[in-house]
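The values are calculated or read from the model by the stated rules, or taken from the named source; none is laboratory data. Model, not experiment: these values are computed from the prediction. FYI the Cβ positions are ideal-geometry reconstructions off the backbone, even for glycines, and counts take in every protein chain you see.
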Amino acid sequence: MSSSGCWIMSGDSGYWIDRFVDMLWSQHGLSDHTLSAYRRDLEQLVKWLQPEQTALHLARREQLLRFLADGVAGGARPRTTARYLSSLRRFYRFLLQEGHRQDDPSAMIDSPKLNRGLPGTLSEAEVEALLSAPDTEKPLGMRDRAMLEVLYATGLRVSELVGLEYRHVSLESGVIRVMGKGSKERLVPLGEEAIDWLQRYLAAARSEIRGSSQCYYVFPTARGGAMTRQAFWANIKRYADQAGIKTSLSPHTLRHAFATHLLNHGADLRVVQLLLGHSDLSTTQIYTHVARARLQSLHQQHHPRG
């Protein structure tokens, strides 16, 4: 096929990808980060299909199988392969539902088996050390202490924390209203400690940080805008270093600690599911393994026959 023919097919594929991404945004309210991930996965298949002279929306099952197999041969991990397959399934299901295909070429392809790793977490002592790390004599330190306290008290995602708006916080009721994934709303209790630090921060530091700029976010930067996830992640790592925490951290470490510590203290799994904003209980159940691992460790450490 001529280069112009390949260009036409790439254009057709780009059209269907745009249609698909627009649907995900309009109907499911997915984040820009998630939409970009879907687009990248599909564009990888478009690139792979070009030598086969096949447009994305016309791909056959055996082509999808070879695409995934080539990825594995090239070193793709099972989790990456599973992500590709998930993107393909959603895309071809969209084409089928819209009447643009009569079949789903991804329907009978098995997902790779994943060894689901346990999320990293912190002990309660490590959490206390992390929370105490910011210098609360300074406005930014007061802000960061309040952010860490709210994060640990609520189990918010980092994106939910930095995007939290002032109007969504009710200190009188002790709850915050969170807009989670897929624009799903939930109410999350704050707890006395988080309320106390929020009150101190709002009274003494927030206005000084934002200056004269108008800002709707609870935790603005010195420029008056919302903090980025990356900036907050850098803060967590810095405070962990100051606190002498050697545990490997991730942006969701305090979220994992929130869930694990609740379960360790006897919270019901479905309550934790609601607080975390998980739509599927199976997503929350991984934390029971974390809690169980902690109990086993304590048993081995302290029991005479551990």
**Request:** Name every residue in region 239-282 that is over 21 Å from the mean Cα position of the chain (by Cα), assigned by TED's automatic domain parsing to the domain that holds L161, in a helix (DSSP H, G or I) and buried (at least 16 other Cβ atoms within 10 Å of the Cβ), in order of residue number.
**Result:** Y239
**Complete set of residues in region 81-112 that are outside the structural domain of A37 (by TED's automatic domain parsing) and β-branched (V, I, T)** = I109
**Message:** For region 107-140, which positions are modelled with pLDDT of 90 or more, surrounded by fewer than 17 Cβ atoms within 10 Å (Cβ to Cβ) and under 17 Å from W233 (Cβ atoms)?
**Reply:** L140
**Item:** Hits in region 227-261 - residues which are over 20 Å from G141 (Cα atoms) and either among the aromatic types (F, W, Y) or touching a Phe, Trp or Tyr at 6+ places or on another chain (Cβ under 8 Å) (or both)
**Value:** H256, A257, F258, A259, T260
**Message:** I'm checking my understanding of the structure. Among residues of region 53-62 that are part of a helix (DSSP H, G or I) and under 31 Å from the mean Cα position of the chain (by Cα), which one is surrounded by the most Cβ atoms within 10 Å (Cβ to Cβ)?
**Reply:** L56
**Prompt:** Does any residue of region 231-247 turn out to be within 16 Å of E124 (Cβ to Cβ) and either modelled with pLDDT under 85 or in contact with a Lys or Arg (Cβ under 8 Å, 6 or more places away or on another chain) (or both)?
**Reply:** yes
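Could you list, in sequence order, all residues of region 210-220 that are more than 16 Å from V150 (Cβ to Cβ) and either in contact with a strand residue (DSSP E or B) (Cβ under 7 Å, 6 or more places away or on another chain) or surrounded by 18 or more Cβ atoms within 10 Å (Cβ to Cβ) (or both)? Lay out the reasoning, then the answer.
The first filter runs over region 210-220 and keeps only residues more than 16 Å from V150 (Cβ to Cβ), leaving 210-216.
The answer is R210, C215, Y216.
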**Item:** A203 vs. criteria part of a helix (DSSP H, G or I) and either under 16 Å from V158 (Cβ atoms) or modelled with pLDDT under 75 (or both)
**Value:** no
**Prompt:** How many residues does region 249-263 contain that are among the polar types (S, T, N, Q) and modelled with pLDDT under 80?
**Reply:** 1
